[in-house]
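Notes follow once the structure below has been shown.
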Amino acid sequence: MNDISWARPSLRWFCLILLWPLLLQAAEPLPSWQEGPSKKAIVEFVQAVTTDSSKDFVKPADRIAVFDNDGTLWSEQPLYFQMLFALEEVKRLAPQHPEWKEQQPFKAVLENDQKTLANSGMEGLMKIIDATHTQISTQAFLANVRAWLAKAVHPKTHKPYTEMVYQPMLELLAYLRANGFKTYIVSGGEVEFMRAWTEEVYGVPPEQVIGTTFTAEYQYNAGKPVIMRMPQLAHNDDGPGKPVSIEAVIGRHPIFAFGNSDGDLQMLQWTAAGDGRHFMGLVHHTDAQREWAYDRESKVGKLDKALDEAKAQNWTVVDMAKEWRRIYPFDTAAQ
């Protein structure tokens, strides 16, 4: 029998080195968050609702957390990323639609005429969305989104869009799940656009992604069943639409909610109206150097009424510049 006792101390050190990052994270939750009011509020809330002896204890089945996506879990500047996808899809599909060379707003997209495109307003936007998101099967649309994500890069950082996610929020999602929460995305974005990638990037499976939806039809073509996406809006999952979809899809009152704009106000109000202890949070984009600084006057992710209510109701408002040690996974953490 070989005596390997001499190797045991070395083996222990080797194992400790491998486990050290996990041990640190277990001892120090949310490592990309600065010590401050937001991190303190989150940790205290989670401890209160998950401790058996706490008066605020919530059984695991009712630990529902809902998150907006654009501007809350990933960036939303200079345009919502779904809109950037739609514009690129117009260009990709243009050879199949020669009439677009003379039809607005497609002509503006193909000619990069930003002024005319902006002047087309919501009507023009919906024409672009209909042309790129509908009259196609769900599976084909998912494939188109994934193909775009595989090659598209952000115009400022030149990083893939799936890397333009907020490291502190990835940690928060994981922290909540580790403490028995079920995490949902409740976004104004189109639901299948998000389902194409949210499980891989956020760890949120498709059935826990709620978003704007189009009507759909079951069709049986050439011996194969498909779900066809039709050019008619079924539900706008923004503003007051968010509580409606939470009630319809989840069927439980959230106890934790995070957003970043006025489009999330009603979701936060709905969470605040539930029984027991609850947490409402807003990501405030205050970091012009590492990300963007915008709120009340922004055309994308406007934060005005929700910011006022957050201050009046003592909700948690995360100052991105002061409270996040890093923004993106590819950032070097600030000291």
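Bear in mind these aren't lab numbers, they're just calculated from the coordinates by the rules spelled out. If you're wondering where the values come from, they're calculated on a predicted model, not measured in any experiment. Here the Cβ positions follow ideal geometry from the backbone for every residue, glycine too, while neighbour counts run over all protein chains shown.
If amide hydrogens are placed 1.01 Å from N in the peptide plane, which non-local residues have theirs closer than 5 Å to the one on VAL66?
When sequence neighbours closer than 5 places are left aside, the close amide H contacts are TYR184, PHE256, ALA257, PHE258.
Considering only the other residues whose Cβ falls under 9 Å of the Cβ of VAL186, what net charge follows from Lys and Arg at +1 and Asp and Glu at -1?
Once all neighbours under 9 Å are counted, the net charge is -2.
Can you order the peptides 89-97, 321-329 by their average number of other Cβ atoms within 10 Å per residue, highest first?
321-329, 89-97
Using Cα positions and a limit of under 19 Å, work out the aspartates and glutamates in reach of LYS156, with same-chain residues fewer than 8 apart set aside.
Counting by Cα, and skipping residues close in sequence, LYS156 has these aspartates and glutamates nearby: ASP70, GLU76, GLU88, ASP287, GLU291, ASP331.
Here are some pairs, LYS115/LYS242; LYS127/LYS299; LYS127/LYS159; LYS151/LYS182; which of them have Cα atoms lying more than 22 Å apart in this structure?
LYS115/LYS242; LYS127/LYS159; LYS151/LYS182
Quick one: compute a quarter of the convex hull surface over the Cα atoms of the chain and quote it in nm².
24.3 nm²
At 7 Å along Cα-to-Cβ for each site, give me the label-to-label distance between VAL249 and GLU171 in nm.
2.8 nm
Under 1.5 on a/c is rounded, so check that first for the stretch 272-335, then, if it is not, pick prolate when a/b is larger than b/c and oblate when it is not; a ≥ b ≥ c are the square roots of the alpha carbon gyration tensor eigenvalues.
oblate
Rank by packing, highest mean first: peptides 261-272, 167-178, 51-62, with packing defined as the count of other Cβ atoms within 10 Å averaged across residues.
Per-residue mean Cβ counts within 10 Å order the peptides as 261-272, 167-178, 51-62.
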